[in-house]
Every structure is written in C-alpha cells, then in structure tokens.
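The structure appears below as structure tokens.
The values are calculated or read from the model by the stated rules, or taken from the named source; none is laboratory data. Remember, it's a predicted structure, so these values are computed and weren't measured experimentally. So basically every Cβ, Gly included, is an ideal-geometry build from the backbone, and we count neighbours across all protein chains shown. Note: areas computed on protein heavy atoms with side chains; ligands, DNA, RNA excluded. Shrake-Rupley method; radii C 1.70, N 1.55, O 1.52, S 1.80 Å.
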Amino acid sequence: MMKGVPRYLVTVLVLALACSLASAYDPSPLQDFCVSTNDSASGVYASFFLYNKLFLLHAVFVNGKFCKDPKLVTANDFFFSRLNIPRDTSNPLGSTVTLLNVDKILGLNTLGISLARIDFAPYGLNPPHIHPRGTEILVVLEGTLLVGFVTSNTDNRLFTKVLNAGDVFVFPIGLIHFQFNSGHTNAVAFAGLSSQNPGVITIANAVFGSNPPINADVLAKAFQLDRNVINFLQKKF
C-alpha cells in the first residue's frame, strides 16, 4: 500500500470502478446499440487520480463484450441469413439446434435476446436441458411436438403439452425442459430467448459426459443404479 493513501479508500474506489465497468446478466442498454467486438486490442483502461497519483484498471466484463466504435458499425452487424434452410438431423437424437446468440449476431450485445431454429426428424428429440440465463418462448412452424418442463424441488411438477403448427409454449428460465417430435414427418420450431447468450446445459451430457468423469459411486447412489450401468452410460457419453 502506498504511503498517504488510506487502504479503505483505495479498496472502495477499486470496487466502485470495477462495478461500473462490468456488464453483468444482460444489462439494459443506455445507448442505441453496443455492437460487440472480439478484438482483444479494443480492451480499455479506466484511470483515476488519488492524491496526485495515477491508477489504471483494466475494464472487466462479466457477461458482456467490448463495444465496436459506432462509426464502424454496419447493417451486417445486425444480420443473419438463410435461417429458412432446413438443417441436417441425421444424428442419434434426430434434432439440430441453430442458435443465433451474440456470437453469431454481434448487434445482439446488451439487447437481452437471442433466437434459435430447431429442426426435428420424425421422432427426433431435443433432450432435457436448461438455459441458465434465459426464458424460452417456442413457436411450432411445422409438425407436432410433445413439449414440457419440470419445476424445481420438491414438487418436480411436469407441465406438458402437444403442440401443432402455430402453437406457442413458454419454458421458464433455469428449468429442465424438452421437445420431442411425436409425428411421422419432420418438424420445425423457432425459439426466442431472453438473453443475448442464454447458455445450454444438456442434463445427460453434463452428468454422464463430464470431463473428468464424475465418480461412478456418486452417480450410482444419486440415480439408485448399479455401478456397471453408470460405467456403461459414462462410456456412451
């Protein structure tokens, strides 16, 4: 600690600046837009004077990104094309999610929204998963989907519905949910999410496919399964 500078004062100033420079949990924008940039050279420094001494702090971003110079922003920063093209669903689950978040459309930064197209083969499944940072609203364009979500402990209540073309369903933030194509034809749905980067945690992948693997004895007791079954599932994922 420098002479003549009270420790508590420096601590308060550092915390105040860190908080003021942090973007956390999809903040409401205070400008027309803040198009993100992945240019590491765009990192900025905040400076302040204390007792005639200059201090520099690197700007910290918790959930956001640095903004592009507004003069360099173009229409393409808010644009994505060909979302009308069907996606390949020839995978074990029979579904493909095309997520347009802030990494795909840079202009989404600070706007608190994103979009996904979900393609289903017949009997395809978007398996049980959660979005830790976003509520989802889903609209079916083609086909028939069986959807649902489960409430938190201790009720673990299932809300489920069969959706046809034109139907809409909402999945609350952070709750386990799924979509299953219960029809004989392909299905397509679009989903809006209340975050520029909602994230996704697929339950089976996270539990049985973690890296490194979760101890098999832990999972055997948690799921009340034989340890050999757990070993099989971990190898499969």
If we scan segment 160-176, do we find a residue that is closer than 21 Å to Arg87 by Cα, in contact (Cβ under 8 Å) with a residue 60 or more places away in the chain and touching an Asp or Glu at 6+ places or on another chain (Cβ under 7 Å)?
no
For segment 154-170, which residues satisfy the criterion of being surrounded by 13 or more Cβ atoms within 10 Å (Cβ to Cβ) and either in a loop (DSSP other than H, G, I, E, B) or at positive phi (or both)?
Ala165, Asp167
Failed item, numbered, when Thr154 is tested on (1) touching a helix residue (DSSP H, G or I) at 6+ places or on another chain (Cβ under 9 Å); (2) at pLDDT below 95:
(1)
Given (1) in a loop (DSSP other than H, G, I, E, B); (2) farther than 30 Å from Leu72 by Cα, identify the lone condition not met by His129.
(1)
It is to be established whether one or more residues within segment 201-208 are over 25 Å from Ile113 (Cβ atoms), hydroxyl-bearing (Ser, Thr, Tyr) and either open to solvent by less than 60 Å² (accessible area, probe 1.4 Å) or over 19 Å from the mean Cα position of the chain (by Cα) (or both).
no
Examine segment 180-191 for a residue that is of a type in the set (Ser, Thr, Tyr), farther than 30 Å from Leu106 by Cα and surrounded by 15 or more Cβ atoms within 10 Å (Cβ to Cβ), and state whether such a residue exists.
yes
Considering every residue within segment 131-153, establish whether at least one is farther than 18 Å from Thr98 by Cβ, free of Cβ contacts under 8 Å to residues at least 24 places away in the same chain and open to solvent by 70 Å² or more (accessible area, probe 1.4 Å).
yes
Yes/no for Val229 being surrounded by 13 or more Cβ atoms within 10 Å (Cβ to Cβ), in contact with an Asp or Glu (Cβ under 6 Å, 6 or more places away or on another chain), modelled with pLDDT of 95 or more and not in a loop (DSSP other than H, G, I, E, B):
no
Filter segment 69-100 for residues that are outside any loop (DSSP other than H, G, I, E, B) and among the hydrophobic types (A, V, I, L, M, F, W, C) and give the result.
Leu72, Ala75, Phe78, Val97, Leu99, Leu100
Report whether or not Ile113 is within 22 Å of the chain's Cα centre (by Cα) and open to solvent by 60 Å² or more (accessible area, probe 1.4 Å).
yes
